Amino acid sequence: MRNYGIAIHGGAGTVSKVKMTKWKAEAYKQALKRAYTVGYLTLHKGGSALDAVTEAVIILENSYLFNAGKGSVFTHTGKHEMDAAVMEGKKLKAGAVAGVQSVKNPVLLAKAIMKKSKHVLLSGEQALTFAKKHQLEIEDDAYFYDEFRYKQWQRAIASDTVQLDHDEGGSTDQDKKFGTVGAVALDKKGNLAAATSTGGMVNKKFGRIGDSPIIGSGTYANNESCAISCTGHGEFFLRAVVAHEVSARMLYKGETLQEATQFIIHEALPKMGGRGGLIGIDAAGNIVLPFNTKGMYRGFKSSDNREFVDIFK
Ligand code: ASP
(Lines give C-alpha, C1' and ligand atoms only; values in the text may rest on other atoms or scores of the structure.)
Protein backbone atom coordinates (compact mmCIF):
# COMPACT_ATOMS: atom_id res chain seq x y z
CA MET A 1 0.00 0.00 0.00
CA ARG A 2 1.09 3.52 -0.77
CA ASN A 3 2.19 5.77 2.11
CA TYR A 4 0.06 8.73 3.07
CA GLY A 5 0.38 11.37 5.75
CA ILE A 6 -0.05 14.94 6.90
CA ALA A 7 2.21 17.51 8.58
CA ILE A 8 1.10 20.81 10.09
CA HIS A 9 2.60 23.94 11.63
CA GLY A 10 1.29 26.70 13.87
CA GLY A 11 4.14 29.15 13.34
CA ALA A 12 7.83 29.49 14.19
CA GLY A 13 9.89 31.97 16.15
CA THR A 14 11.57 32.78 19.42
CA VAL A 15 9.15 30.90 21.58
CA SER A 16 10.25 31.56 25.16
CA LYS A 17 10.67 28.32 27.09
CA VAL A 18 10.38 30.22 30.37
CA LYS A 19 7.05 31.83 29.49
CA MET A 20 5.69 28.63 28.01
CA THR A 21 3.90 27.14 31.00
CA LYS A 22 3.11 23.46 31.02
CA TRP A 23 -0.57 24.25 30.64
CA LYS A 24 0.00 26.54 27.68
CA ALA A 25 2.28 24.06 25.92
CA GLU A 26 -0.35 21.39 26.46
CA ALA A 27 -3.08 23.61 24.98
CA TYR A 28 -0.98 24.22 21.86
CA LYS A 29 -0.09 20.57 21.50
CA GLN A 30 -3.72 19.48 21.88
CA ALA A 31 -4.79 21.92 19.16
CA LEU A 32 -2.03 20.73 16.84
CA LYS A 33 -2.88 17.12 17.51
CA ARG A 34 -6.55 17.72 16.82
CA ALA A 35 -5.67 19.41 13.53
CA TYR A 36 -3.44 16.68 12.13
CA THR A 37 -5.76 13.95 13.41
CA VAL A 38 -8.73 15.41 11.55
CA GLY A 39 -6.64 15.68 8.38
CA TYR A 40 -5.22 12.21 8.82
CA LEU A 41 -8.66 10.61 9.21
CA THR A 42 -9.71 12.16 5.90
CA LEU A 43 -6.63 10.64 4.24
CA HIS A 44 -7.23 7.31 5.95
CA LYS A 45 -10.78 7.18 4.59
CA GLY A 46 -9.45 7.78 1.08
CA GLY A 47 -10.12 11.53 1.01
CA SER A 48 -7.97 13.94 -0.97
CA ALA A 49 -4.83 15.67 0.25
CA LEU A 50 -6.53 18.98 -0.60
CA ASP A 51 -9.44 18.23 1.74
CA ALA A 52 -7.09 16.99 4.46
CA VAL A 53 -4.96 20.15 4.50
CA THR A 54 -8.03 22.38 4.38
CA GLU A 55 -9.67 20.59 7.31
CA ALA A 56 -6.50 20.70 9.41
CA VAL A 57 -6.07 24.42 8.75
CA ILE A 58 -9.72 25.12 9.66
CA ILE A 59 -9.12 23.61 13.12
CA LEU A 60 -6.16 25.97 13.64
CA GLU A 61 -8.02 28.97 12.18
CA ASN A 62 -10.84 28.37 14.65
CA SER A 63 -8.45 28.39 17.63
CA TYR A 64 -7.55 31.70 19.27
CA LEU A 65 -4.04 30.31 19.91
CA PHE A 66 -2.75 30.87 16.39
CA ASN A 67 -2.37 33.95 14.20
CA ALA A 68 -4.91 32.90 11.57
CA GLY A 69 -8.70 33.16 11.34
CA LYS A 70 -10.08 33.76 14.84
CA GLY A 71 -6.68 34.47 16.40
CA SER A 72 -5.50 36.90 13.72
CA VAL A 73 -3.40 39.85 14.90
CA PHE A 74 -4.49 43.50 14.72
CA THR A 75 -3.38 45.75 11.85
CA HIS A 76 -2.34 49.36 12.48
CA THR A 77 -5.92 50.52 12.03
CA GLY A 78 -7.30 47.88 14.39
CA LYS A 79 -8.57 45.47 11.76
CA HIS A 80 -7.84 41.84 10.98
CA GLU A 81 -6.59 41.40 7.42
CA MET A 82 -5.99 37.79 6.58
CA ASP A 83 -4.05 35.95 3.87
CA ALA A 84 -4.41 32.31 2.83
CA ALA A 85 -3.57 29.92 0.01
CA VAL A 86 -4.16 26.35 -1.13
CA MET A 87 -2.50 24.39 -3.91
CA GLU A 88 -2.89 20.86 -5.24
CA GLY A 89 -0.02 19.04 -6.89
CA LYS A 90 -1.73 17.02 -9.63
CA LYS A 91 -2.80 19.79 -11.99
CA LEU A 92 -0.96 22.59 -10.15
CA LYS A 93 -4.24 24.33 -9.37
CA ALA A 94 -4.12 27.05 -6.74
CA GLY A 95 -6.31 29.61 -4.99
CA ALA A 96 -5.33 32.42 -2.66
CA VAL A 97 -6.65 35.48 -0.88
CA ALA A 98 -4.84 38.51 0.51
CA GLY A 99 -5.90 41.17 2.98
CA VAL A 100 -9.44 39.90 3.46
CA GLN A 101 -11.52 40.84 6.51
CA SER A 102 -14.42 39.15 8.30
CA VAL A 103 -14.17 35.72 6.65
CA LYS A 104 -14.24 33.04 9.34
CA ASN A 105 -12.06 30.59 7.42
CA PRO A 106 -9.82 32.25 4.83
CA VAL A 107 -8.53 28.81 3.78
CA LEU A 108 -12.05 27.93 2.58
CA LEU A 109 -12.13 31.18 0.63
CA ALA A 110 -8.79 30.28 -1.00
CA LYS A 111 -10.23 26.88 -1.91
CA ALA A 112 -13.40 28.48 -3.32
CA ILE A 113 -11.26 30.85 -5.41
CA MET A 114 -9.38 27.85 -6.77
CA LYS A 115 -12.53 25.86 -7.53
CA LYS A 116 -15.12 28.48 -8.41
CA SER A 117 -13.27 31.38 -10.04
CA LYS A 118 -11.01 31.76 -13.04
CA HIS A 119 -8.40 33.44 -10.89
CA VAL A 120 -5.67 32.45 -8.49
CA LEU A 121 -5.42 35.44 -6.13
CA LEU A 122 -8.16 37.80 -4.96
CA SER A 123 -7.74 40.60 -2.44
CA GLY A 124 -9.44 42.95 0.01
CA GLU A 125 -13.07 44.01 -0.14
CA GLN A 126 -13.75 42.35 -3.47
CA ALA A 127 -12.52 39.05 -2.08
CA LEU A 128 -15.06 39.48 0.74
CA THR A 129 -17.78 40.06 -1.87
CA PHE A 130 -16.73 36.80 -3.55
CA ALA A 131 -16.84 35.01 -0.18
CA LYS A 132 -20.39 36.26 0.48
CA LYS A 133 -21.48 35.27 -3.01
CA HIS A 134 -20.31 31.74 -2.30
CA GLN A 135 -21.99 31.61 1.11
CA LEU A 136 -18.84 31.39 3.19
CA GLU A 137 -19.25 32.13 6.89
CA ILE A 138 -18.74 35.78 7.83
CA GLU A 139 -18.05 36.95 11.39
CA ASP A 140 -18.21 40.38 13.03
CA ASP A 141 -15.27 42.11 14.74
CA ALA A 142 -16.20 40.64 18.13
CA TYR A 143 -15.43 37.14 16.86
CA PHE A 144 -11.85 38.13 16.06
CA TYR A 145 -11.33 40.11 19.28
CA ASP A 146 -8.86 38.69 21.76
CA GLU A 147 -7.55 40.56 24.76
CA PHE A 148 -4.01 39.28 24.37
CA ARG A 149 -3.94 40.33 20.71
CA TYR A 150 -5.41 43.73 21.61
CA LYS A 151 -2.71 44.42 24.21
CA GLN A 152 -0.04 43.18 21.85
CA TRP A 153 -1.30 45.66 19.24
CA GLN A 154 -1.40 48.52 21.76
CA ARG A 155 2.23 47.80 22.69
CA ALA A 156 3.21 47.75 19.02
CA ILE A 157 1.46 51.09 18.44
CA ALA A 158 3.13 52.64 21.50
CA SER A 159 6.57 51.59 20.29
CA ASP A 160 5.65 52.33 16.65
CA THR A 161 6.87 48.92 15.53
CA VAL A 162 5.48 46.59 12.95
CA GLN A 163 5.97 43.25 14.60
CA LEU A 164 6.62 40.10 12.76
CA ASP A 165 4.03 38.44 14.85
CA HIS A 166 2.96 37.66 18.23
CA ASP A 167 5.19 39.15 20.87
CA GLU A 168 4.84 37.32 24.17
CA GLY A 169 5.90 40.24 26.30
CA GLY A 170 9.31 41.38 25.13
CA SER A 171 9.71 44.59 23.23
CA THR A 172 12.79 43.54 21.31
CA ASP A 173 13.45 40.56 19.11
CA GLN A 174 13.16 38.34 22.14
CA ASP A 175 10.00 36.33 22.51
CA LYS A 176 8.71 36.96 19.04
CA LYS A 177 7.04 34.16 17.26
CA PHE A 178 5.19 33.70 14.04
CA GLY A 179 1.74 32.21 14.48
CA THR A 180 0.83 31.44 10.91
CA VAL A 181 -0.69 28.00 10.34
CA GLY A 182 -0.25 25.51 7.54
CA ALA A 183 -0.59 21.91 6.43
CA VAL A 184 0.86 19.64 3.75
CA ALA A 185 -0.39 16.17 2.84
CA LEU A 186 0.02 13.16 0.57
CA ASP A 187 -3.10 11.07 -0.06
CA LYS A 188 -3.60 7.41 -1.01
CA LYS A 189 -3.76 8.32 -4.70
CA GLY A 190 -0.34 9.95 -4.57
CA ASN A 191 -1.64 13.50 -4.74
CA LEU A 192 0.07 16.26 -2.77
CA ALA A 193 -1.48 19.47 -1.42
CA ALA A 194 -0.49 22.45 0.71
CA ALA A 195 -2.42 25.15 2.60
CA THR A 196 -1.29 28.19 4.60
CA SER A 197 -3.30 30.82 6.52
CA THR A 198 -2.24 33.89 8.49
CA GLY A 199 -3.22 37.21 10.02
CA GLY A 200 0.21 38.52 8.99
CA MET A 201 2.13 41.02 11.11
CA VAL A 202 1.02 42.85 14.25
CA ASN A 203 0.37 46.53 13.49
CA LYS A 204 0.95 46.01 9.76
CA LYS A 205 0.27 49.03 7.56
CA PHE A 206 -0.45 50.00 3.98
CA GLY A 207 -2.04 46.66 3.03
CA ARG A 208 1.15 44.72 3.68
CA ILE A 209 0.99 41.16 2.31
CA GLY A 210 3.45 38.43 3.31
CA ASP A 211 4.56 35.20 1.68
CA SER A 212 1.68 32.97 2.82
CA PRO A 213 -0.80 33.69 -0.04
CA ILE A 214 1.90 33.94 -2.69
CA ILE A 215 2.04 30.69 -4.64
CA GLY A 216 5.65 29.55 -4.79
CA SER A 217 6.78 31.61 -1.80
CA GLY A 218 4.80 30.56 1.28
CA THR A 219 2.77 27.77 -0.31
CA TYR A 220 3.42 25.28 -3.12
CA ALA A 221 2.54 21.73 -4.20
CA ASN A 222 3.62 19.62 -7.15
CA ASN A 223 3.09 15.85 -7.39
CA GLU A 224 6.48 15.57 -9.12
CA SER A 225 8.33 16.92 -6.10
CA CYS A 226 6.74 18.04 -2.83
CA ALA A 227 4.17 20.11 -0.94
CA ILE A 228 5.45 22.99 1.21
CA SER A 229 3.92 25.47 3.70
CA CYS A 230 6.16 28.15 5.23
CA THR A 231 6.16 30.32 8.32
CA GLY A 232 8.49 33.12 9.31
CA HIS A 233 9.50 36.63 8.28
CA GLY A 234 7.49 36.82 5.07
CA GLU A 235 9.59 39.45 3.32
CA PHE A 236 12.55 37.04 3.25
CA PHE A 237 10.44 34.08 2.20
CA LEU A 238 9.10 36.18 -0.67
CA ARG A 239 12.57 37.23 -1.82
CA ALA A 240 13.91 33.69 -1.58
CA VAL A 241 10.77 32.24 -3.27
CA VAL A 242 11.14 29.48 -0.70
CA ALA A 243 8.42 26.93 -1.44
CA HIS A 244 9.04 26.73 -5.18
CA GLU A 245 12.79 26.82 -4.62
CA VAL A 246 12.53 23.58 -2.63
CA SER A 247 10.60 21.95 -5.47
CA ALA A 248 13.02 23.29 -8.10
CA ARG A 249 16.07 21.99 -6.26
CA MET A 250 14.46 18.56 -6.09
CA LEU A 251 13.42 18.55 -9.76
CA TYR A 252 16.44 20.17 -11.37
CA LYS A 253 19.23 19.30 -8.98
CA GLY A 254 18.02 15.89 -7.92
CA GLU A 255 18.15 16.80 -4.24
CA THR A 256 16.00 15.01 -1.69
CA LEU A 257 13.33 16.96 0.22
CA GLN A 258 15.61 16.80 3.24
CA GLU A 259 18.62 18.20 1.33
CA ALA A 260 16.67 20.96 -0.41
CA THR A 261 14.95 22.22 2.75
CA GLN A 262 18.11 21.93 4.83
CA PHE A 263 19.89 24.21 2.36
CA ILE A 264 17.12 26.80 2.20
CA ILE A 265 16.27 27.01 5.90
CA HIS A 266 19.79 26.64 7.30
CA GLU A 267 21.95 28.26 4.60
CA ALA A 268 20.12 30.44 2.06
CA LEU A 269 17.68 32.19 4.42
CA PRO A 270 20.13 32.84 7.31
CA LYS A 271 22.54 34.40 4.79
CA MET A 272 19.85 36.95 3.94
CA GLY A 273 18.84 37.37 7.59
CA GLY A 274 15.60 35.39 7.19
CA ARG A 275 14.09 33.58 10.15
CA GLY A 276 11.45 30.90 10.12
CA GLY A 277 10.71 27.36 9.06
CA LEU A 278 8.58 25.18 6.86
CA ILE A 279 6.85 21.83 6.66
CA GLY A 280 7.23 19.59 3.64
CA ILE A 281 6.14 16.20 2.37
CA ASP A 282 7.31 14.46 -0.82
CA ALA A 283 5.66 12.03 -3.20
CA ALA A 284 6.99 9.06 -1.19
CA GLY A 285 5.57 10.41 2.06
CA ASN A 286 8.85 11.64 3.58
CA ILE A 287 8.15 14.49 5.98
CA VAL A 288 10.48 17.32 7.05
CA LEU A 289 9.89 20.10 9.60
CA PRO A 290 13.04 22.31 9.56
CA PHE A 291 13.27 25.74 11.23
CA ASN A 292 16.07 28.16 12.10
CA THR A 293 14.28 29.78 15.05
CA LYS A 294 14.13 28.56 18.64
CA GLY A 295 10.89 26.77 18.09
CA MET A 296 8.14 25.92 15.67
CA TYR A 297 4.70 24.60 16.57
CA ARG A 298 4.58 21.45 14.50
CA GLY A 299 3.29 17.92 14.18
CA PHE A 300 2.59 15.09 11.79
CA LYS A 301 0.93 11.71 11.43
CA SER A 302 1.71 9.17 8.73
CA SER A 303 0.45 5.78 7.62
CA ASP A 304 3.65 4.06 8.81
CA ASN A 305 2.34 4.61 12.36
CA ARG A 306 4.47 7.61 13.12
CA GLU A 307 3.01 10.53 15.03
CA PHE A 308 4.80 13.57 16.43
CA VAL A 309 4.00 16.91 18.04
CA ASP A 310 6.45 19.44 19.49
CA ILE A 311 7.25 23.12 19.97
CA PHE A 312 10.95 23.45 20.75
CA LYS A 313 14.07 21.98 19.13
N1 ASP B 1 4.97 34.42 7.01
C2 ASP B 1 3.93 35.22 7.62
C3 ASP B 1 3.95 36.61 7.05
O4 ASP B 1 5.01 37.16 6.85
C5 ASP B 1 4.10 35.34 9.08
C6 ASP B 1 4.18 34.05 9.83
O7 ASP B 1 4.66 33.06 9.32
O8 ASP B 1 3.73 34.04 10.98
O9 ASP B 1 2.88 37.17 6.86
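Across the range 145-179, the qualifying residues are those that are small (Gly, Ala, Ser) and either assigned to a loop (DSSP other than H, G, I, E, B) or at pLDDT below 70 (or both), and the one among them that is nearest to the ligand (Cβ to nearest atom) is Gly179. For the range 82-108, give me each residue that is without any contact (Cβ under 8 Å) to a residue 60 or more places away in the chain and either aromatic (Phe, Trp, Tyr) or within 14 Å of the ligand (Cβ to nearest atom) (or both). Within the range 82-108, just Val100 meets the criteria. Hey, could you check the range 142-165 for residues that are free of Cβ contacts under 8 Å to residues at least 12 places away in the same chain and charged (D, E, K, R) and say which is farthest from Met296 (Cα to Cα)? Applying the filter and picking the extreme gives Asp160. For Glu307, the conditions (1) among the acidic types (Asp, Glu); (2) within 17 Å of the chain's Cα centre (by Cα); (3) away from the ligand (no atom under 16 Å from the Cβ) are fulfilled apart from (2).
Quick grid of which residues meet (1) among the aliphatic types (A, V, I, L, M); (2) at pLDDT below 95:
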residue: Tyr40; (1), (2): no, no
residue: Leu43; (1), (2): yes, no
residue: Thr75; (1), (2): no, yes
residue: His80; (1), (2): no, yes
residue: Val100; (1), (2): yes, no
residue: Leu108; (1), (2): yes, no
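The set of residues in the range 202-232 that are closer than 27 Å to Asp160 by Cα and over 12 Å from the mean Cα position of the chain (by Cα) comprises Val202, Asn203, Lys204, Lys205, Phe206, Gly207, Arg208, Ile209.
Taken over the range 64-73, the criterion of being part of a loop (DSSP other than H, G, I, E, B) and either modelled with pLDDT of 95 or more or of a type in the set (D, E, K, R) (or both) is satisfied by Ala68 alone.
The values are calculated or read from the model by the stated rules, or taken from the named source; none is laboratory data. Source: prediction; values computed, not measured. Note that each Cβ is placed from the backbone with ideal geometry, even for glycine, and that neighbours are counted across all protein chains shown.
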